[in-house]
Amino acid sequence: MEILIVVDVQNDFLEGGALEVRGGSRIIPVVNSLIERFSHVIYTQDWHPAGHKSFASSHRGKAVGDFIRLGTIDQYLWPDHCIQGSFGAKFHDKLLFRAGAKVFQKGMNENIDSYSAFYDNLRLQSTGLTDYLRTNGYRRIHICGLATDYCVKYSVLDALSDGFETVLITDGTAAVNVDPDDYNRALNAMQAAGAMLITSNQLL
């Protein structure tokens with residue numbers, strides 16, 4: 001069976017949000033058209049507690065864009081975003097939400113960031129998404145959402161690592177582009193790992 005995973009189409013990642021993905025709103029019509037074409041859809045949601053350690057504001061003397069050591073990895077420091085229960089953490093009101101669809105939340109441990117829909121960045125905790133997909137017989141997954149170079153990329157890489165045939169729908173994503181070429185680097189990394197890259201009009 002096949003399923004669509006819609007990654008983090010939340011207010012804080014769209015224009016005017018705390019961690020704006022420039023041009024992010026342009027993907028919403030594409031994502032909505034994909035949701036209408038799939039029988040099975042799940043959504044992921046960044047869901048941080050206030051004071052999360054990935055926020056620059058949590059570290060005296062640090063600014064957005066600085067790095068700190070968090071656990072065993074280097075952590076890029078972000079603006080406060082997608083705080084649990086906030087407007088910024090809500091799905092955008094123009095996003096089509098399938099009634100009864102399952103939502104997987106991530107980033108709830110204040111000490112570990114979680115880009116991927118599957119695991120935190122240290123791979124210490126699972127969101128339960130892999131078990132859900134396997135238990136329900138999904139072998140091929142399609143992924144869209146925000147942002148290409150972070151949460152989408154790491155979700156694709158973890159899906160591949162866990163043995164799922166994985167398709168990225170490129171026009172249903174947009175990138176943060178901390179560095180100008182991050183979008184292209186992300187696409188190359190996903191393709192090199194075994195993901196199939198298509199546009200929505202190529203979807204069979």
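The values are calculated or read from the model by the stated rules, or taken from the named source; none is laboratory data. Owing to the predicted nature of the structure, the values given are computational and were not obtained by experimental measurement. Because the Cβ atoms are built from the backbone with ideal geometry, glycine has one as well, and the counts that use them run over all protein chains shown.
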Residue pairs meeting the criteria (Cβ under 8 Å; at least 6 apart or on separate chains; first free of Cβ contacts under 8 Å to residues at least 12 places away in the same chain, in region 124-139; second assigned to a loop (DSSP other than H, G, I, E, B)): S126/F118
Residue count, region 36-74 (criterion: closer than 22 Å to T127 by Cα, modelled with pLDDT of 95 or more and not in a loop (DSSP other than H, G, I, E, B)): 8
Give region 77-104 a look and list any residue that's crowded, with 17+ Cβ neighbours inside 10 Å, aromatic (F, W, Y) and within 18 Å of H52 (Cα to Cα), or say none. W78
So L160, is it farther than 16 Å from V41 by Cβ, without any contact (Cβ under 8 Å) to a residue 40 or more places away in the chain, touching a Gly at 6+ places or on another chain (Cβ under 9 Å) and not charged (D, E, K, R): yes
Given (1) out of contact with any Ser or Thr (no Cβ under 7 Å at 6 or more places or on another chain); (2) over 21 Å from I28 (Cβ atoms), where does D93 come up short, assuming only one miss? (2)
For region 186-199, name all the residues that are surrounded by 13 or more Cβ atoms within 10 Å (Cβ to Cβ) and part of a loop (DSSP other than H, G, I, E, B). G194, A195
For the structure I just gave you, tell me whether E15 is in contact (Cβ under 8 Å) with a residue 24 or more places away in the chain, farther than 28 Å from Y138 by Cβ and of a type in the set (D, E). no
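One line per residue, one yes/no per condition, for (1) outside any helix (DSSP H, G or I); (2) of a type in the set (F, W, Y); (3) surrounded by fewer than 17 Cβ atoms within 10 Å (Cβ to Cβ):
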position: Y138; (1), (2), (3): yes, yes, no
position: H142; (1), (2), (3): yes, no, no
position: G145; (1), (2), (3): yes, no, no
position: C151; (1), (2), (3): no, no, no
position: L157; (1), (2), (3): no, no, no
position: I169; (1), (2), (3): yes, no, no
position: T173; (1), (2), (3): yes, no, no
position: V178; (1), (2), (3): yes, no, yes
position: N184; (1), (2), (3): no, no, yes
Residues of region 118-160 that turn out to be over 24 Å from D181 (Cβ atoms) and not acidic (D, E), as a count: 22
